[in-house]
Amino acid sequence: MVNIRATSERLEELRKLREKSTLGGGQTRIDQQHARGKLTARERIAVLMDENTFQELDPFVTHRATDLGLADKQFLGDAVVIGYGKVNGRTTFVFSQDFTVLGGSVSEVVGEKICKVMDLAAKNGAPIVGLNDSGGARIQEGVTSLAGYGEIILRNTLFSGVVPQISVIMGPAAGGAVYSPSLTDFIFMVNGIGQMYITGPDVIKAATGEEVTHEELGGWLTHFTKTGVAHFASEGEEECLKQVRRLLTFLPQNNGDDPPVFASPDDAGRIDPELREIVPEDPNKSYDMKELIQHIVDAGDFMEVQEGYARNIIVGYARMNGKTVGIVAQQPAYLAGVLDIEASTKAARFVRFCDAFNIPLVTLVDVPGFLPGSDQEYGGIIRHGAKLLYAYAEATVPKVSVLIRKAYGGAYIVMSSKHLRGDINFAWPSAEIAVMGPDAAVNVIFRDEIKQSENQEQTREKLSAEYHDRFANPYIAASRGYIDDVIDPAETRPRIISALAMLENKRETLPPKKHGNIPL
Ligand code: HXC
C-alpha cells in the first residue's frame, strides 16, 4: 500500500532540507569563516542585494563524485550559492562560492550551477556578479571540474559585451581559477582577504627559489597598484559590496539598453568660474585633473576605476545632467599625464567597455605625448599605445572631448580627436596642439642653426619661444575644424551637456566584419 504523507510532513521535510542546505559546510566551518573576518556566501549575497529580494536556485544540487573519499562528503547545494534578486531595484544575477564546503572548490556541478545562472543573466539581459572564494578546481574530481571551469570561461567570453560581468575576490583565487574573473569587466578585491595568482608562493619557491608571501604576490595592493588586475579595492567585505552596488548604478542592464537616468542634483547650465583658475598659466606646472572633473560632473560625484594603477591617466564614471558618462582624462599631477604602456592599456579597456555598453565618452586632454625611453620601446609601447588608438577609433558611442592644455604628437590623435571620429571637440584657450613640445621641436628643425650660433642655449630658448607662440594655441586646429569651438573654461559643463544631448540618437556603424584584430 502506498504510504500517503501528510502535507505538513512534506513541508517539514522541505524545511529541514532547506535548513541543511543553508548551513553549507556546517556551523563549525561557518564559525571558522567568521573568525577569519569573512562573511559566508549567503551573508555576502544579503549585503549585495536589496533586502529580501534574493531568490536561490539549485539549493539541493549535490556532486556526483565518489573517488578519494568524496562519496560521504555531500553538501546540499555543493560549494556555490546561485540565484537572482534586485540591486538598486534592478534584476541582477549572482553566484557566491561557499568556502565552507570543500573550500569553495569548483566541482562538475558547481560549474553547472554557475553556468546556469550565467545563461539566465545573458538570456534575460541583466548583470552577473560573481563572489569568488575558492580553492579552485576540485582536486578529487579531476577533469570534470576542469570541464566546469572551461564552460564558465566560455560563457565569460561569449557574454563579454552582452551583459556587465563583475567579479569580487573575497578569498583565494589560485591557478587557472584566476582566469574566469580576469575575463570579466570589473574585479573588486577586499583588502587582506582576496588573493589572486597563477602559481602560489610554494610553487615559486620550488621553481625559482624566490620567497614571497601570499599577500605580496597576489593581495589587493599588488593588483590594485602594480598589475592593474583589480579595478577596485576596499577595506572590508561590506564596503566592497557597497561599491559593487554603486558601480551598477552607472551601468545599463545589457548592451541593448541605456544606463539608468537619474534626476540631476546639479544645474545642467551651471557656469563655473573656478574652472578658469585650476590650470596654472605656466604650461610646465601641474594641477590635479580630478579637481577639474569634480567641477564639471553632476554634484562632483565621480567613481574612479583602477585608481591605483597608471595614475597618469584617470578613467571612471560620473553623470552629466543625470546620465552616465565615461570620463577619460590625463592626470598632469602624475608623470605629467604622459601616455605610457600602462596608461594606454588601462584607458583602452575602459573605452571599449563604454562603447560596448552605450556609455558616452567624455575625454579631457592634457598630454605631453607618449613616454620616450628604451624601457617603453622594449616593453612594446608601439603595440600597447595602438590599443588606445584602436579603441577610440572603433568606438561608436558619442565622443566629446575638451582639450585643456597640451596635445602633442600621436597623443593628440589618440585622445578622441576628430580624426578618430570624435563627435564634438572643444578646446580651452590654454590648449596647445603640435607635433611635439617646443624644445624637442626646435632641436630637430633648427639643429644646424642652433649648432652654428654663438650662444646655443640662448638661440634654443629664443626659437623655442617663437615656436611656442606660433603653435601653443587652439586656433590653428580650430581654423581647420579639427576643434569645433574654443570655449571659456567656465562654460565647460553646459557645453558638454548640450553636446551629449545633441548626440543622444547618434548612429554610427563599423564596416561588416567578424571582428577586428586589436593589437593585443
Ligand atoms: C578540493 C579543496 C580544494 C580543492 C581546498 N580544499 N581547495 N578541496 N579541491 N581545490 C579543501 C581543503 O582540503 C580543506 O578541506 C578545505 O577545502 C579548506 O581548505 P584549507 O586548506 O584548510 O584552507 P586554507 O588553509 O584557508 O587554504 C586555502 C587554500 C588551500 C589556499 C585555497 O586549500 C589550497 O592551496 N588549495 C589548493 C589550491 C589549488 O592549488 N587549487 C587548484 C588550482 S588549479 P578539509 O576537509 O581538509 O578541511 C585550478 C585549475 C582551474 O583551479 C583551471 C581553470 C582554467
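Just one of the numbered conditions (1) farther than 22 Å from ALA343 by Cα; (2) within 12 Å of the ligand (Cβ to nearest atom); (3) not basic (Lys, Arg) is not true of GLU215: (2). Across the range 444-485, the qualifying residues are those that are over 40 Å from the mean Cα position of the chain (by Cα) and of a type in the set (S, T, N, Q), and the one among them that is most open to solvent (accessible area, probe 1.4 Å) is GLN452. Apart from one condition, ASP448 fits all of (1) at pLDDT below 90; (2) assigned to a strand (DSSP E or B); the exception is (2).
When the range 116-151 is filtered for residues that are within 16 Å of the ligand (Cβ to nearest atom) and assigned to a strand (DSSP E or B), the ones remaining, listed by number, are GLY130, LEU131, ASN132, ALA137. For PRO332, indicate whether it is more than 18 Å from PHE350 (Cα to Cα) and surrounded by fewer than 22 Cβ atoms within 10 Å (Cβ to Cβ). No: the conditions fail for PRO332.
Sort through ASP355, ASP375 and tell me the only one that's over 21 Å from the mean Cα position of the chain (by Cα), of a type outside the set (Gly, Ala, Ser) and either closer than 20 Å to GLY516 by Cβ or open to solvent by 10 Å² or more (accessible area, probe 1.4 Å) (or both). If you could, list the steps in order and put the result at the bottom.
Working: ASP355 fails: over 21 Å from the mean Cα position of the chain (by Cα).
Among ASP355, ASP375, only ASP375 is over 21 Å from the mean Cα position of the chain (by Cα), of a type outside the set (Gly, Ala, Ser) and either closer than 20 Å to GLY516 by Cβ or open to solvent by 10 Å² or more (accessible area, probe 1.4 Å) (or both).
Annotation: of all residues in the range 239-277 being part of a helix (DSSP H, G or I) and out of contact with any strand residue (DSSP E or B) (no Cβ under 9 Å at 6 or more places or on another chain), the one that is surrounded by the fewest Cβ atoms within 10 Å (Cβ to Cβ) is GLU277.
Looking at the range 152-176, which of its residues are assigned to a helix (DSSP H, G or I) and either free of Cβ contacts under 8 Å to residues at least 24 places away in the same chain or out of contact with any Ser or Thr (no Cβ under 6 Å at 6 or more places or on another chain) (or both)? Please lay out each step first, then the result.
Step one: list which residues in the range 152-176 are assigned to a helix (DSSP H, G or I), which gives 152-158, 175-176.
Listed by number, the residues that qualify are LEU154, ARG155, THR157, LEU158, GLY175, GLY176.
Hey, could you check the range 76-102 for residues that are free of Cβ contacts under 8 Å to residues at least 60 places away in the same chain and outside any strand (DSSP E or B) and say which is farthest from the ligand (Cβ to nearest atom)? This residue is GLY89.
Given the criteria out of contact with any helix residue (DSSP H, G or I) (no Cβ under 8 Å at 6 or more places or on another chain) and not in a strand (DSSP E or B), does TYR392 qualify? The answer is no for TYR392.
Do we have ASP298 as open to solvent by less than 10 Å² (accessible area, probe 1.4 Å) and either over 23 Å from ILE487 (Cα atoms) or more than 15 Å from the chain's Cα centre (by Cα) (or both) here? Outline the logic, then answer.
Details: open to solvent by less than 10 Å² (accessible area, probe 1.4 Å): yes; either over 23 Å from ILE487 (Cα atoms) or more than 15 Å from the chain's Cα centre (by Cα) (or both): yes.
Criteria met by ASP298.
Here MET303 meets each of (1) in contact with a Gly (Cβ under 8 Å, 6 or more places away or on another chain); (2) farther than 23 Å from PHE357 by Cβ with one exception, condition (2).
Please work out if ILE476 is in a loop (DSSP other than H, G, I, E, B) and either under 17 Å from TRP428 (Cβ atoms) or in contact with a Gly (Cβ under 7 Å, 6 or more places away or on another chain) (or both).
Details: in a loop (DSSP other than H, G, I, E, B): no; either under 17 Å from TRP428 (Cβ atoms) or in contact with a Gly (Cβ under 7 Å, 6 or more places away or on another chain) (or both): yes.
So ILE476 does not fit the description; no.
From the set of residues in the range 152-179 that are polar (S, T, N, Q) and surrounded by 23 or more Cβ atoms within 10 Å (Cβ to Cβ), which is nearest to the ligand (Cβ to nearest atom)? If we take residues in the range 152-179 being polar (S, T, N, Q) and surrounded by 23 or more Cβ atoms within 10 Å (Cβ to Cβ), then SER167 is nearest to the ligand (Cβ to nearest atom). Among the numbered conditions (1) in contact (Cβ under 8 Å) with a residue 24 or more places away in the chain; (2) part of a helix (DSSP H, G or I); (3) open to solvent by 40 Å² or more (accessible area, probe 1.4 Å), the only one that THR199 does not meet is (2).
Can you go through ALA434, ALA427 and tell me which one is of a type in the set (Gly, Ala, Ser), in contact with a helix residue (DSSP H, G or I) (Cβ under 8 Å, 6 or more places away or on another chain), modelled with pLDDT under 95 and within 30 Å of PRO494 (Cα to Cα)?
Details: ALA427 fails: modelled with pLDDT under 95.
Checking each option against the conditions leaves just ALA434.
Which of the following residues is open to solvent by 30 Å² or more (accessible area, probe 1.4 Å) and modelled with pLDDT under 95: ARG42, ARG29, ARG36?
Details: ARG42 fails: modelled with pLDDT under 95; ARG29 fails: modelled with pLDDT under 95.
ARG36 is the lone residue from the list that is open to solvent by 30 Å² or more (accessible area, probe 1.4 Å) and modelled with pLDDT under 95.
Please go through the range 228-238 and pick out each residue that is touching a helix residue (DSSP H, G or I) at 6+ places or on another chain (Cβ under 9 Å) and either closer than 13 Å to GLY194 by Cβ or open to solvent by 60 Å² or more (accessible area, probe 1.4 Å) (or both).
VAL229, ALA230, HIS231, PHE232, ALA233, SER234, GLU237, GLU238
Here ASN52 passes the criteria (1) in a helix (DSSP H, G or I); (2) in contact with a strand residue (DSSP E or B) (Cβ under 9 Å, 6 or more places away or on another chain) except the one numbered (1).
Can you confirm whether TYR378 is closer than 21 Å to THR509 by Cβ and assigned to a helix (DSSP H, G or I)?
Here the answer is no, as TYR378 does not meet what is asked.
The values are calculated or read from the model by the stated rules, or taken from the named source; none is laboratory data. Everything numeric here is computed off the predicted structure, so don't read it as measured data. For neighbour counting, all protein chains shown are included, and Cβ atoms are generated from backbone atoms with ideal geometry for every residue, glycine included. Note: accessible area is taken over every heavy atom of the protein model, side chains too, but ligands, DNA and RNA are not part of it. Shrake-Rupley method; radii C 1.70, N 1.55, O 1.52, S 1.80 Å.
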